[in-house]
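Participant: Pasting a structure here, questions to come.
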Amino acid sequence: MNKFLKSIFYISVLFLIIISLYPGSLLGYLFYGDLELQPNLIENPFGTAINHFICYTYVSLLGFFLYSSSQNFKKLVYGLFFLSIILEVFHFIVPNRSFEIEDLFGNILGVVVAYSIVKIYLFFNKP
């Protein structure tokens, strides 16, 4: 089961990289047939930054729980934190994408929230 979940984690990271670096919105194309439209995963007043928060929280939670007892946990935390920044910064150079500070904030907040949840869980569930 652990091997299966790790595969899901790596596939999720790959999917996150692909949808972040594709020149246009793959999700917009899947939902609306238009690469220019960004769908909201949930209706909210914050716009598409909530999509970033949800995706990074999901990927980070999965990875952090899977590697919480590993020596690579700290590397994973830094890796996901820097990935959340780098993928958004790449929007400066990827055609049909634009850098948005709100999206960067959503990325980083998703990683930080996931890290906090895992640390609180581990604190209360010590062996």
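The values are calculated or read from the model by the stated rules, or taken from the named source; none is laboratory data. Model, not experiment: these values are computed from the prediction. Cβ: placed from backbone, ideal geometry, glycine included. Neighbour counts: every protein chain shown.
Participant: Looking at (1) out of contact with any Ser or Thr (no Cβ under 9 Å at 6 or more places or on another chain); (2) surrounded by 13 or more Cβ atoms within 10 Å (Cβ to Cβ), which is the one condition that is false for CYS55?
Facilitator: (1)
Participant: With under 13 Å from the mean Cα position of the chain (by Cα) and either surrounded by 18 or more Cβ atoms within 10 Å (Cβ to Cβ) or assigned to a helix (DSSP H, G or I) (or both) as the only criterion, which of LEU109, LEU122 stands out?
Facilitator: LEU109
Participant: Taking the options SER70, SER60, SER20, SER12, name whichever one is among the hydroxyl-bearing types (Ser, Thr, Tyr) and exposed (fewer than 14 other Cβ atoms within 10 Å of the Cβ).
Facilitator: None of the others qualify; the one that does is SER70.
Participant: Check segment 25-44 and report whether any residue there is under 24 Å from PHE4 (Cα atoms), in contact with a Leu (Cβ under 8 Å, 6 or more places away or on another chain), of a type outside the set (Val, Ile, Thr) and crowded, with 18+ Cβ neighbours inside 10 Å.
Facilitator: no
Participant: Inspect all residues belonging to segment 87-98 and state whether any of them is aromatic (Phe, Trp, Tyr), within 17 Å of the chain's Cα centre (by Cα), at pLDDT 90 or above and surrounded by fewer than 18 Cβ atoms within 10 Å (Cβ to Cβ).
Facilitator: For segment 87-98, residues aromatic (Phe, Trp, Tyr), within 17 Å of the chain's Cα centre (by Cα), at pLDDT 90 or above and surrounded by fewer than 18 Cβ atoms within 10 Å (Cβ to Cβ): present.
Participant: Follow-up question, since we're still on this one. Just to be sure I understand, how many residues within segment 28-52 are modelled with pLDDT of 80 or more and under 20 Å from SER84 (Cβ atoms)?
Facilitator: 4
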